[in-house]
1. From (1) within 12 Å of chain B (Cβ to nearest Cβ); (2) touching a residue at least 24 places away in the same chain (Cβ under 8 Å); (3) more than 30 Å from A:V266 (Cβ to Cβ); (4) not polar (S, T, N, Q), pick out the condition that doesn't hold for A:A161.
2. Of everything in the stretch A:428-448, what is modelled with pLDDT under 90 and more than 7 Å from every other protein chain (Cβ to nearest Cβ)? Give them in sequence order.
3. Out of the stretch B:203-232, which residues are among the basic types (K, R) and either away from every other protein chain (no Cβ under 11 Å) or assigned to a helix (DSSP H, G or I) (or both)?
4. Looking at (1) without any contact (Cβ under 8 Å) to a residue 60 or more places away in the chain; (2) part of a helix (DSSP H, G or I), which is the only condition A:E366 fails?
5. Of everything in the stretch A:180-226 that's away from chain B (no Cβ under 12 Å) and among the polar types (S, T, N, Q), which residue is nearest to A:K92 (Cα to Cα)?
6. Restricting the search to the stretch B:158-173, which residues are open to solvent by 20 Å² or more (accessible area, probe 1.4 Å) and away from chain A (no Cβ under 14 Å)?
7. So which residues in the stretch A:321-355 are out of contact with any strand residue (DSSP E or B) (no Cβ under 7 Å at 6 or more places or on another chain), among the aliphatic types (A, V, I, L, M) and surrounded by fewer than 24 Cβ atoms within 10 Å (Cβ to Cβ), if there are any at all?
8. Return yes or no: is B:S178 among the polar types (S, T, N, Q), within 12 Å of chain A (Cβ to nearest Cβ) and in contact with a helix residue (DSSP H, G or I) (Cβ under 7 Å, 6 or more places away or on another chain)?
Amino acid sequence: MKIKTIKRITQSFIFVLICLAFWYLRYPLSDWFNPVYFFQLSPLAAAASFFLKPVILISAGLIIFTFIFGRVFCGWICPYGTIMDAISFFLKFFRKYKENYPKPLKSKYFLLAVLIILSFFGFQLIYLFEPVTVFARAFYFTLYSLKNNLLTDLFYKLMSADPGAVVEGIYSVFKSSIIENRHVVFNNSLITFIFFALPLFFVFFKRRFWCRYICPLGTCLAAVAKFSLLKRNSGICSSGCSGCVSQCRMNAIKKDNSYVPQECIVCGECIDIPCGKKSKFTFSFPFKIQSEKNAYGAGVTRKDFILWSAAAVTLFFSKKIFAKEQRNVIRPPGSLEEDLFKQKCIRCGNCIKVCVTNGLQPVLFETGLDGVWTPKLDANTGYCEYECVLCGEVCPTQAIEKLSESLKKETKIGIAKIQKDICVPWRDGLECLVCEEHCPVASKAIKLQKITVNGNEIQAPYIEEELCVGCSICENKCPASNNNKKGILIEPI
Amino acid sequence: MIKKITKLLSQNYTRKSFLKIFAAALSAVLFSTLKTKKIFAAGTKKINPRPGRKISTNYDLVSVQGDNIPLMAKKLIDELGGIQKFVKKGDIVVVKPNMGWNRTPEYAANTNPELVAAVVKICLDAGAKRVNVFDNTCNEEKMCYKNSGVEQAAKKAGANVYFMDSFRYLSGNFPEGSSMDDYPVYADAVNCDCFINMPIAKTHGLAKLTFSIKNLMGVCGGNRSTMHWNIDKKLAEVLAFIKPDLNIIDGYRILTANGPRGGNLSDVKKMSTFIASTDAVLADAYATKHLFDMNPKDISHINFAAEKGLGNININSAKIKKIKI
């Protein structure tokens, strides 16, 4: 079997596995089949979380793996890379990719440096480019919700028409295994998808455009892979047919058949090509570096340095300008302080996906320039389930702390305010008390008082602010609304 | 078309062609993610009120006190005249417990799972074809079904426990001028041979107390929050619509304050009582009097239902059997 075929099968298998793990990230949570570990693989997640113990342990595993085998993660595991390979596989029927060894760009190293430096100075932008989270967000916010909603609608239509035992059988198997029993809606899902799809367009030009020129995770691994034990050994080939040069999707083989190990993603396709002297991957001594010092051309020039530092400084100050000092959205329970939260959150979307009520939503610019895709609790779509601590359990960087159930019940995320101009008892003198009924606090944070409106003596709700935890179920269930404003409103604290 | 695409894909790339492809793909994405029509509202199909069964029982109401839950359940139904009066061979039975809250059984927010399991078993032993157990929950359904313990217990007893499907809510054919308008009602709750209503006795902010009548809210869909406006009238109409054949009130543990959701173990009182009646109003009135020591006429939704002629609120005129085990 060709290595290419083995690689494709492995890639598809891992891709399906990842998608399943993402799909089944929901209540009840599986202990082992959990994508959290997958996010913790990335050394960038370790940097973002200030080297949190579990993250650093798992990402160190990836670094050691890369040190031995090279960038196998990029070539065989990364879901974003798999998608690109799949697209270029189909495009191959229409067009021929020909590589003629342009020099690899060193800009990605600068990008990585800027990202990490900014991250340490409190401006997290790693999530913009981290391929695993880019894919995860698109999967959660767009693909998952779209597929679920379409399937739900399809079955709604089918089942309304009494389709018979077969469809009903399929439905009863699908119900709450493949489809949720409801519509799942995420804000800004289209923007998230465009952000995910944009780099995929460049596959038209270069098969692994993203991995070559941008990907910070790949760059991170490249720095390690330079010394990797597994190295391509081209043997004594000097025929100059450059078949492998034009095959290599990463430009890791130069025209003279020498080799740039940090660019190689070990896809193995250069072994497959019909060549008289077959090139091989073998274990070789680590520090015997071939003469590829000038793989990227000159080192750090003054121009580069000025350009990228200017970019970093501009970004940093633009964050300062557009920053929101106060927390102006309701964060999940257990969230760190606002600044630290935005720094540590890698925007993987786990908490948003796992939320049982669909209450957590990604924000766009509501919380400032540095808060894109962070979670907020949106009472229009859901509420915070009182006994549920899932969001803390699935956070890979502990931006949302793991809370025990009893601690979570005391964690305040907001405070309810009754809007007396909308609330039905206060405004119309009609008894309602839906909020009081739903209030999960054991001794009720919403209490009742007797008031007289229009001559009727009725019971009306008021808030016991000390008890209110801000779970938003009252706002979510409130039947009174005026211009999308409910009779009770949760304010963040 | 295919040739065109092939040409587009195989040509050399210029900025123009790239923009073309990009624009095409963007519009495709935009088109495909156009918001699908919200179809969770009730469909156009209407559903008629449940006819209900005329059942004459030995007593108007039976109340049983004890500690052995399966035995109490059996005794309860036997004293009414046996399960054969309610469940015929091959019947499809609905057991509607209250499992609307994400609370474990000891908090007395949901119907006792052992009682549900016992009743399910009795129905199946009587030859019921299928026993359906469901509830439209207030909290997240997966958590409610699991943490209330009802799902596990009823499934073990052989019941068909499932999450309610959005497409099975049909707008109810309520009488002209009804305050319910055309509220969606769950089809499975109406299209059944026997409906066993199994509430738990607890307090409620708006309705003061909640038993059998209020428990029927769990078969309604739509925006249930608005049902709380003029709740007395609406509940009476739902009761007339569903006409439960048997009401079994779980008074094993009752919630005496901070209902209906509870959360303090100190609010829970163990009464070890089950109450059964074919008359929901009578059962509620009896539970009001004997579990909470209140006057049934003070509970407006029970009083209203009695005034509408849906049942007997006068406990003294009813034939009542009390048992202690």
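The values are calculated or read from the model by the stated rules, or taken from the named source; none is laboratory data. Predicted model only: the values in this text are computed from it and were never measured. Cβ atoms come from the backbone with ideal geometry, glycine included; neighbour counts cover every protein chain shown. What goes into the accessible areas is simple: the full protein's heavy atoms, side chains included, and nothing from ligands, DNA or RNA. Shrake-Rupley method; radii C 1.70, N 1.55, O 1.52, S 1.80 Å.
1. Just one mismatch for A:A161, condition (2).
2. Hits for the stretch A:428-448 are A:D428, A:G429.
3. Listed by number, the residues that qualify are B:K214, B:R224.
4. Only one criterion in (1) without any contact (Cβ under 8 Å) to a residue 60 or more places away in the chain; (2) part of a helix (DSSP H, G or I) is unmet by A:E366, namely (2).
5. So the residue we want is A:T219.
6. Passing the criteria: B:G158, B:N173.
7. A:I321, A:A323, A:L336, A:L340, A:V354
8. So B:S178 fails the test.
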